[in-house]
Amino acid sequence: MGERIWAPWFIKFIQSRGYFNIYTNLLHERALSVSHRDAGVNYGKTAGPDSKLLEEKSLDFNILEMQPLSCLKWFDFCFREVHPGKVVTNLEELGSLLHSLQKQSSVFLVNLFGVSDAIARNLLCHFKRLDIRNYILMGPPSGSLFDLARRGHPVINVDQFISSVGLSKFTSHGSSFETIKGILTKAYVVKKCIENRYNMWVMDGSMLLTSDLLSESEPPNDDFFVANNLEVFYAKSSTFNQKIWVDGFVSRVVAMARKDSATHSSLSFVYVVTKLLEQNGARIRRVDETSFAAKIGSGSETSLRDKKLVYWSSEMELNSIQKWLEEFNLWSIDSVLSCTAVVCHKS
């Protein structure tokens with residue numbers, strides 16, 4: 001009925017801005033306002049009030065007393081509980097965040113360094129479509145990152161996180177400043193996830209899963225799974241891995257990242273940790289990246305058949321990325337960066 005009905009447009013406005021409604025939960029089906037559902041446009045005949053009007057004489061609570069918003073339960077569009085404002089700045093907050101996640105699922109750590117708002121929002125829409133609920137976004141402090149946190153997405157403020165573990169002094173020099181911060185943050189998050197018995201995926205925001213094949217349906221049998229050129233990394237939660245990924249291992253990551261940053265222009269997390277894991281005798285499966293993923297905008301014909309993810313160059317312009325992803329039906333946001341459809345899965 002298009003413009004004739006205002007309610008869907010109001011819901012769309014609330015959803016696109018990342019706003020929340022406050023709902024009353026008064027006993028005995030009472031409410032602050034009542035619809036009498038009289039005969040008219042919405043009802044062919046009068047249906048009667050949908051609740052009971054709260055009256056002053058029936059007050060059995062202090063109407064002016066309200067809990068702080070931080071004490072109330074918050075829910076997303078699908079009525080799943082969320083925790084708005086979760087910005088992780090230290091290891092203690094990271095542990096608290098992990099305890100709030102679902103134990104039966106892997107955790108996806110997504111690097112948002114250099115990723116635009118539109119790409120990040122599109123990725124989150126696909127996480128919802130694939131019913132991926134255990135994810136953490138990491139990036140530098142910015143309005144975009146804090147807005148994602150306000151909407152209920154768990155994020156890591158990398159600058160504060162690095163500072164809290166006492167590593168900022170190691171990353172304050174050289175052209176690889178941002179890269180080293182990202183490597184160190186990933187190393188600590190993987191350690192914490194393995195300690196809390198989560199399987200762990202690390203990926204960049206400049207890629208999209210094309211199916212749910214990276215989730216629990218087909219976890220790799222090896223201790224670790226890497227795709228070097230894609231910066232994709234998997235760590236299984238196991239006793240063996242818990243013995244490897246300890247504070248001493250993270251310290252070696254720090255040392256190697258500092259040393260190699262002077263000689264490697266394309267230093268990466270996967271490169272550093274793979275090299276160190278091999279020295280510890282870990283079982284590492286290296287993926288054939290050409291069969292595992294498809295690169296868009298490469299100049300040759302691109303097919304997503306049997307591919308588990310699609311990726312692109314960080315230098316590629318947003319308009320080109322959007323055009324390619326639309327062609328593959330993987331662009332899922334509109335002009336206000338909202339998901340074009342909200343898919344609710346059974347809990």
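Observations on the model:
- F20 part of a loop (DSSP other than H, G, I, E, B), open to solvent by 60 Å² or more (accessible area, probe 1.4 Å) and within 30 Å of I333 (Cα to Cα): yes
- Subset of the range 96-123 (residues that are outside any helix (DSSP H, G or I), over 22 Å from A235 (Cα atoms) and open to solvent by less than 10 Å² (accessible area, probe 1.4 Å)): none
- Residue that is modelled with the lowest pLDDT [pool: residues in the range 193-229 that are charged (D, E, K, R) and open to solvent by less than 50 Å² (accessible area, probe 1.4 Å)]: D222
- Among the numbered conditions (1) under 30 Å from S163 (Cβ atoms); (2) touching a residue at least 60 places away in the same chain (Cβ under 8 Å), the only one that C78 does not meet is (1).
- Check on Q160, closer than 22 Å to V254 by Cα and open to solvent by 20 Å² or more (accessible area, probe 1.4 Å): yes
- Test: residue in the range 31-40 that is in a loop (DSSP other than H, G, I, E, B) and under 22 Å from S332 (Cα atoms): no
Conditions tested, residue by residue: (1) surrounded by 12 or more Cβ atoms within 10 Å (Cβ to Cβ); (2) acidic (D, E).
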site: I5; (1), (2): no, no
site: P8; (1), (2): no, no
site: L26; (1), (2): yes, no
site: S33; (1), (2): no, no
site: D38; (1), (2): yes, yes
site: N42; (1), (2): no, no
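- Within the range 271-322, the set of residues being of a type in the set (K, R), under 14 Å from V232 (Cβ atoms) and in contact (Cβ under 8 Å) with a residue 60 or more places away in the chain comprises R285, R286, K307, K308.
- Residue in the range 164-172 that is open to solvent by less than 10 Å² (accessible area, probe 1.4 Å) and modelled with pLDDT under 90 present: yes
- Strands (runs of 3 or more DSSP E) within the range 230-347 that include 2 or more residues crowded, with 19+ Cβ neighbours inside 10 Å and in contact with a helix residue (DSSP H, G or I) (Cβ under 6 Å, 6 or more places away or on another chain): 232-235
The values are calculated or read from the model by the stated rules, or taken from the named source; none is laboratory data. From a predicted model like this one, the values you see are computed outputs, not experimental measurements. Note that each Cβ is placed from the backbone with ideal geometry, even for glycine, and that neighbours are counted across all protein chains shown. Only protein heavy atoms, including side chains, enter the accessible area calculation; ligands, DNA and RNA are left aside. Shrake-Rupley method; radii C 1.70, N 1.55, O 1.52, S 1.80 Å.
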